[in-house]
Structure formats: structure tokens, C-alpha cells
Amino acid sequence: MDKFSLAFGAIVGSACIHGQTLAYQKAPASFVSLISFIGVVYAMLADAFIFEVTVDINELIGATAILTVTIIIAIIKLSKAK
């Protein structure tokens, strides 16, 4: 792992924390916490593409399940809010 990867990870991580802080201030906490589960998918993608770690099939299944459930619940919450 080189210094560029570490610096890039730190910049992206701090941008995510800043974005989450703003999101918690502007939107309902239940919706923001639901969307924060997508961070697991981002972490897996970063492992695969930035850090060149091989992704196991179980990790893909888990990430797909998290993403699917998050999208379904977000759609349900947004449709009830209208």
C-alpha cells in the first residue's frame, strides 16, 4: 500500500464524515442512518479497486443484500412521507 492510497482514503473518509454530519442536521435521523449502511458497499469497493484486495462471494452476497434492503426501505419511507 502506498502513501497515495492512504492519503486518498483519509480524504474520502473525512469527506464522508462531513457529509454525514450535514445530512444528520438537514434530514431525519432515521433516514440518514438507513442510508449510512451503504458505507459497507463503498468499503468493499475501495478494498477491491484501491487496495486490490480480492472480494469473496460471501462479501458480494452480503453487500447486495444490504444495498437491496436499504433501497427498498428508502422507497417505502419516501412513499409514506408524501
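Shown for the chain are the DSSP H helices of 30 Å or more along their axis, judged by Cα atoms, with a mean Kyte-Doolittle hydropathy of at least 1.0: 57-81.
With the helix formula -39500 (n - 2.57) applied to DSSP H stretches of n ≥ 4, the chain reaches a computed 222 nm mean residue ellipticity of -27500 deg cm²/dmol. Close amide-amide hydrogen proximity is noted between Ile50 and no other residue 5 or more places distant or on a separate chain, at a cut-off under 5 Å (H modeled in the peptide plane; Pro and chain starts excluded).
By definition, a body whose alpha carbon gyration tensor gives a ≥ b ≥ c is oblate when a/c is 1.5 or more and a/b is not larger than b/c, and the chain fits this oblate description. With all protein chains kept in place, the per residue accessible area of the chain amounts to 77 square angstrom at a probe of 1.4 angstrom. For the chain, a Gaussian network of Cα nodes joined below 10 Å ranks Ile35, Ile72, Ile50 by mean-square fluctuation, and the top entry is Ile72.
The values are calculated or read from the model by the stated rules, or taken from the named source; none is laboratory data. What you see is a predicted model, and the numbers here were worked out from it, not measured in a lab. Only protein heavy atoms, including side chains, enter the accessible area calculation; ligands, DNA and RNA are left aside. Shrake-Rupley method; radii C 1.70, N 1.55, O 1.52, S 1.80 Å.
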